[in-house]
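Read through the structure below, which is laid out as structure tokens, and then see the notes.
Nothing in this text is a laboratory measurement; each read-out follows from the coordinates by a stated rule. Everything quoted here is computed from the prediction, not taken from an experiment. Note that we place each Cβ from the backbone using ideal geometry, even for glycine, and neighbour counts take in every protein chain shown.
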Amino acid sequence: MSEEQSEKKTQPIGYYDKRPEFGKKGPSRIRTHFTRGISYFLVIAAALIFYFLLLRLGEIGSAAKKVVGTLMPVVYGLAIAYVLNPVVMFVEGHISPVLKKKITKEGRAERIARTIGIFAGILLLVFIVVGLFNMIIPELYTSIRGLVVTLPAQITEVIDKINAMNTNDSTLGMFLANVMNQASESLQTWLRTDLMSQTNTLMTNLTAGVINVVSSVFDILIGLIISIYVLFSKEKFSSQCKKIVYALLKPTHANMVLHITQKSNEIFGGFISGKILDSAIIGVLCFAVLSLLHMPYTLLVSVIVGVTNVIPFFGPYIGAVPSALLILLEDPKMGVYFIIFILILQQIDGNIIGPKILGDSTGLSAFWVVFAILLGGGLFGIVGMILGVPTFAVIYYIADMIINHWLEKKNLPTDDDYYGQLSFVDEHGNFVHVETPEAGAQRETQISDELKAKLESLKKLEKEIEKEIENEKEKKEDK
């Protein structure tokens, strides 16, 4: 038996007795052609789908509009939560340390502090909205009633003055008489023919407007409830979004997306909070000055000027136009004073108050601010005028970041000051910077100022170190 076993062991192993390995020489030719065919098929299918989507663009747009309209309470809730978040964080930051000293259970103090912060934010929002309506509605009713009472008398007075002119001898009087006759005929024709049809149209539009207002108020109330849930779970939502970004994108791309998101939050948060504070200050200043001047409709005009000041650049003028008309109808001299005051107030806001509060939160020049307001207002109305500036600031930041990246790849400077009139890049890709005498003098002055500031800071640091050394010596001597 031992000899037979030894003979079996010495027999050679066949080539196919060992299991072969897969994939050492790459995919087969059939698989390569099949994969290429699938790629061609997917490209053609995507092109056909895109073509049919273009044919159904109107239906897709209406469906998307319907989806957005259905989700408007969520949009309102997110917007309210974003606006109230600084208030919630402020209240929570001041209350949470106090509660942690008294409540030892883990996590309970933070939940109570968050609840108090959200309640304070909602209470502040309701107080502001109710206060604005209490200020606007009575004043608006009084102003409309005053116009209804005084306007016919003013029109009668103008007509009497025109009739008192000598229409036979004066060319101006004849011209005014003809204008009045034509205006009277046009008014009578309009009353006989167009009034009833326009009244029906007006009533239809008014009914639709009332329905839209009620629907919007209902959506805002639901959004207020949604904002409470968002503020309670904002950390969880933030973590989930971050997890999704890292799951879908490469780490470098994900980090870039998160960086842009953080920068956008800084731009939008700084702009919105700064604009609200700036508008409140402008409204209070307007109310104080108009009260001192004893102008009519003081409260209503101050609220209009303050609210419209949220719109950058054009806001004060948009609010000043109806306000000036109201005051001019009541007292023309006061209307002229009001226009002069608004021009002065706009200069104070644009040169002193606005820069102090907003600073360089957007990083845009005056030209790009006006560009963003016109573009946003033309596309999205009032909301576009308000949010157009921070939105364009984010786009500007992304474009500037991409351009700087391309310049760094070419070993070129990224600072705008280097690209003056005499600077250029030669054919070898080397940057040549030539400064004008004025720019050189400015740069020398800037460098000297920076050096002086650094020397002053070093001197202060040296003095602080000397004081600390003296204090240590005194402590040792006392011991």
Cβ charges +1 (Lys, Arg) and -1 (Asp, Glu), total dipole of segment 235-361, debye: 660
- prompt: What is the Cα convex hull volume of segment 49-92 when expressed per residue in Å³?
  reply: 86
- request: Taking the Cβ of each residue in I122, I395 as the centre, tally the other Cβ atoms inside 10 Å and list the residues starting with the fewest.
  value: I395, I122
- line: Extension length gain for L54 and E468 (0.36 nm per residue less Cα distance), in nm, is 141.6 nm
- request: Sort largest first and round to whole Å: the equivalent ellipsoid semi-axes of segment 240-371, each the square root of five times a Cα gyration tensor eigenvalue.
  value: 42, 13, 12
message: What is the distance in Å between the Cα centroid of segment 370-425 and that of segment 59-92?
response: 27
query: With point charges of +1 on the Cβ of Lys and Arg and -1 on the Cβ of Asp and Glu, referenced to the Cα centre of segment 201-293, which listed residue (I281, A254, G270) lies farthest in the positive direction of the dipole?
result: A254
